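Single-structure report; data block below.
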Amino acid sequence: MAAGRTPVPATTSPANIRSGGADVTHASYRARPQSQGCSNYHKELKRNSLRALPPSILPSAAAVRAAAARIAPFIRRTPLVRSEALSEFLGGDVWLKCECEQDTGSFKLRGATNVLALLDAEARARGVVAASAGNHGAGIAHAAQRLGVPCTVYVPSVSPAAKRERIARCGATLDASAPHYDAAEDLARAHAARTGAPFVSPCTGYELLAGQGTVALEIAEDLPGVRTMVTNVGGGGLCGGMGGFINDAMPGVTLLGAQSEHTDIMARALAAGGPADDPHLPTICDGLAGLVDAEMYAQGRDSVARIAVATEAAVRDAIAYLWIEEGRMVEGAGAAGIAALLSGRAGEIAFPCAVVLSGGNIDAAVHAQILKDNGEGTVNG
């Protein structure tokens, strides 16, 4: 248990985690009707996406290794720790890759730093603009501050306060007027068109994926015998980067994805064989929300073996479990992989298994309420 954190004696155990969701294969997932509420930009993007799906665009192992060297002075090499509780419950070695302890509280710093480090002087002078559910914005803002690049970030109004505060602390111009992520991206792209500032996508782009792929590289170096990696999936940036490295350098390793029932857009896209809209449902996994276009679809298609979809309740239980058993504060998106394992929705696992805790930027009040709802009481300190 982390210093200064004293939970009420735990009743949460793997057996008590509420099961829910679906083990998704590309052909078997029964999708709910898609939302028709896309913005104008995204409606046109989706129409164009349906005309031709792109080939594989995942980074090579060499590109990931080059990114690792490039970003090393600007990021933290996060710990990979064995989970005694999960290992006992699942009957095999389970390790946690703690990106929740990254400098900005999320893996997003890796890709953002790699992209900005490669900009030429002219592009840096124009500044950069991004849209984000929060973590990508913090990564871009942090990297921009370190590299002396002006930065503007658009986030949805429902973005957690903890994430908005991280962005503001890094000196970026912050706009939180959009009602949801897709609208925030529309505003950011309009800003880029108006000013000439490079738009840095949170999910796509070869150099962005190469930076995110360094998560898999570090796992491989710290756990050479790893056989399964589990990561959450939103727009496919993390799974695409990790998958590119695994496909190129670790062909015997399986990459599994995880989503919540209200952010299952990639799962529906893979089942349908093309892009999918975001229905904008309320979710604890805000970092996984947003539509999946053709490029994002290709990243998911070419990286994960399958996606497990857990209920929102199971993700909340996983957040509580990670605090009680591991002493780690993890946001909803970051707990999706743990929810998939604890609820049994991840399917058969080959061990050793490494699970990415992708972020820890959850509002303290929300975290406390989750613990209370799970019968774990509150925390001190």
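The values are calculated or read from the model by the stated rules, or taken from the named source; none is laboratory data. Quick caveat: nothing in here was measured; it's all calculated off a predicted structure. In this analysis, Cβ positions are derived from the backbone assuming ideal geometry, glycine residues included, and neighbour counts consider all displayed protein chains.
Put simply, of Gly347, Gly334 the only residue that is among the small types (Gly, Ala, Ser) and within 22 Å of His136 (Cβ to Cβ) is Gly334.
Residues considered: Arg189, Arg227, Arg146. Of these, the only one that is in contact with a Phe, Trp or Tyr (Cβ under 8 Å, 6 or more places away or on another chain), basic (Lys, Arg) and under 25 Å from Leu96 (Cα atoms) is Arg227. Reported count of residues in the stretch 134-170, each being touching an Asp or Glu at 6+ places or on another chain (Cβ under 9 Å), assigned to a helix (DSSP H, G or I) and surrounded by fewer than 24 Cβ atoms within 10 Å (Cβ to Cβ), is 2. Only a single criterion out of (1) over 29 Å from Met242 (Cα atoms); (2) surrounded by 19 or more Cβ atoms within 10 Å (Cβ to Cβ); (3) charged (D, E, K, R) is not satisfied by Glu185, namely (1). The single condition among (1) touching a Cys at 6+ places or on another chain (Cβ under 9 Å); (2) under 20 Å from Glu185 (Cβ atoms) that Ala289 does not satisfy is (1).
Selection of the stretch 340-375 for residues being among the β-branched types (Val, Ile, Thr), outside any loop (DSSP other than H, G, I, E, B) and under 17 Å from Thr228 (Cα atoms) yields Val355, Val356.
Of the residues making up the stretch 321-339, those that are within 16 Å of Thr283 (Cα to Cα) and either without any contact (Cβ under 8 Å) to a residue 12 or more places away in the chain or assigned to a helix (DSSP H, G or I) (or both) number 7. Within the stretch 54-98, the residues that satisfy the criterion of being crowded, with 21+ Cβ neighbours inside 10 Å, in contact with a Ser or Thr (Cβ under 8 Å, 6 or more places away or on another chain) and either of a type in the set (Val, Ile, Thr) or in a loop (DSSP other than H, G, I, E, B) (or both) are Leu58, Val64, Ile71, Ile75, Val94. Restricting the stretch 99-118 to residues that are surrounded by fewer than 21 Cβ atoms within 10 Å (Cβ to Cβ) and within 30 Å of Ala161 (Cβ to Cβ), the residue that is modelled with the lowest pLDDT is Asp103. Number of residues in the stretch 356-369 that are within 12 Å of the chain's Cα centre (by Cα) and of a type outside the set (Gly, Ala, Ser) equals 3.
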